[in-house]
1. Test of understanding: among THR120, THR148, which residue is more than 21 Å from GLY65 (Cα to Cα), away from the ligand (no atom under 16 Å from the Cβ) and not in a helix (DSSP H, G or I)?
2. What residue, among those in region 13-58 that are out of contact with any helix residue (DSSP H, G or I) (no Cβ under 9 Å at 6 or more places or on another chain) and assigned to a loop (DSSP other than H, G, I, E, B), is farthest from ILE142 (Cα to Cα)?
3. So LEU167 ticks every box in (1) surrounded by 14 or more Cβ atoms within 10 Å (Cβ to Cβ); (2) away from the ligand (no atom under 11 Å from the Cβ); (3) part of a helix (DSSP H, G or I) but one. Which box is left unticked?
4. Failed condition for ALA93, given (1) farther than 24 Å from GLU235 by Cβ; (2) crowded, with 19+ Cβ neighbours inside 10 Å; (3) more than 14 Å from the chain's Cα centre (by Cα); (4) touching a residue at least 60 places away in the same chain (Cβ under 8 Å), with all others met?
5. What pairs come up if the first residue lies in region 217-240 and is touching a residue at least 12 places away in the same chain (Cβ under 8 Å) and polar (S, T, N, Q), the second is assigned to a strand (DSSP E or B) and surrounded by 16 or more Cβ atoms within 10 Å (Cβ to Cβ), and their beta carbons are under 9 Å apart, counting only those six or more places apart or on different chains?
6. Return the residues of region 47-61 that are within 16 Å of the ligand (Cβ to nearest atom) and not small (Gly, Ala, Ser); say none if nothing qualifies.
7. For region 198-248, give me each residue that is β-branched (Val, Ile, Thr) and crowded, with 20+ Cβ neighbours inside 10 Å.
Amino acid sequence: MPRIHLFELEDQAWFPRIIRDFATDYLHFMERRFRLHEPVVPLLRDALRESGSITVVDLCAGGGGPIADLQRDLAAQGVRPRFILTDRFPNLAAFERIAAEHPGIDVLATPVDATDVPATLRGFRTVFNAFHHFAPDQARAILRSAVTAGQPIGIFEVPERRVWLILATPLLTTLLVLLVTPFIRPFRWSRLVFTYLVPLVPLTCAWDGFVSQLRAYTPAELDALAAEAGDPSYEWRSGKVRLANSPAHLTWLIGLPRRSAA
Ligand SMILES: C[S@@+](CC[C@H](N)C(=O)[O-])C[C@H]1O[C@@H](n2cnc3c(N)ncnc32)[C@H](O)[C@@H]1O
């Protein structure tokens with residue numbers, strides 16, 4: 001089916017920060033609970049080794065996504081980059097908590113736009129579950145910005161443009177938010193209020209989740225974006241991996257400066 005680019009609430013500058021933060025906390029919780037980072041570990045491990053990068057600059061980090069789990073599992077395989085969490089709308093409470101609990105994960109409190117990353121921010125760029133937020137022009141700008149700065153980049157996405165997933169997402173997400181919210185930390189009365197009394201968090205997650213599936217890119221579309229944005233000094237790879245114990249997949253794209261160019 002064709003890609004449909006509707007708006008996501010959490011992308012809107014006017015959207016209340018507290019609801020955006022609770023929505024990204026929910027994503028962070030689900031990614032950790034269902035270990036969605038697992039297929040990323042070998043891909044990122046090999047790409048970090050190949051590129052020689054010792055820093056990972058995570059763009060669109062939201063509530064931290066899978067970074068703490070990736071740090072632990074990469075370290076178990078002898079790969080110990082420093083991580084920097086960034087976002088255009090930083091979830092500061094989550095950033096500060098993750099940085100405090102995980103030495104080696106630093107955060108930027110100032111906004112970083114993934115389409116225009118400051119040249120001083122050097123390292124392997126990652127985008128987890130956020131690339132679908134960007135229409136093709138902006139998506140190309142993200143890839144081009146990495147190429148221009150000579151930095152490697154990895155895109156990792158769970159949203160998928162499959163009809164049954166698109167149809168199931170609103171109801172499934174609403175139920176999941178209602179079920180897991182009591183287990184999301186830190187405990188906040190306001191989280192319960194905006195989930196059960198004034199249900200803005202489940203509605204946001206359901207709408208943004210639905211729109212995310214409609215906006216997801218296929219590996220072939222990622223390849224085409226990379227070909228248009230990239231340059232011959234970069235090598236691009238992409239693929240799709242089945243998530244363990246799930247019918248869903250992880251779609252990925254990795255771009256590395258070729259050794260001769262590097
Ligand atoms: C679906 S969340 C993904 C969060 C996280 N990476 C994860 O895996 O849970 C998308 C994030 O993209 C951020 N975002 C949206 N537009 C952005 C932009 N132009 N530059 C950087 N971040 C952006 C939003 O603030 C939000 O935190």
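The values are calculated or read from the model by the stated rules, or taken from the named source; none is laboratory data. These numbers were taken from a predicted model, which means no experiment stands behind them. Backbone-built Cβ (ideal geometry, glycine too); neighbour counts: all protein chains shown.
1. Just a single option satisfies the conditions, and that option is THR120.
2. Selected residue: PHE34.
3. The one condition LEU167 does not meet is (1).
4. All conditions pass for ALA93, except number (2).
5. Matching pairs, first to second residue: THR218/THR251; SER233/PRO257; SER238/ILE155; SER238/THR251; SER238/TRP252; SER238/LEU253; SER238/ILE254.
6. VAL56, VAL57, ASP58, LEU59, CYS60 - these are the residues of region 47-61 that are within 16 Å of the ligand (Cβ to nearest atom) and not small (Gly, Ala, Ser).
7. VAL201, THR204, VAL211
For every residue, the table says whether it meets (1) touching a residue at least 40 places away in the same chain (Cβ under 8 Å); (2) closer than 21 Å to THR86 by Cβ; (3) surrounded by 15 or more Cβ atoms within 10 Å (Cβ to Cβ).
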{"position": "LEU9", "(1), (2), (3)": "yes, yes, yes"}
{"position": "GLN12", "(1), (2), (3)": "no, yes, no"}
{"position": "THR24", "(1), (2), (3)": "yes, yes, yes"}
{"position": "HIS28", "(1), (2), (3)": "yes, yes, yes"}
{"position": "ARG33", "(1), (2), (3)": "yes, no, no"}
{"position": "ARG45", "(1), (2), (3)": "no, no, yes"}
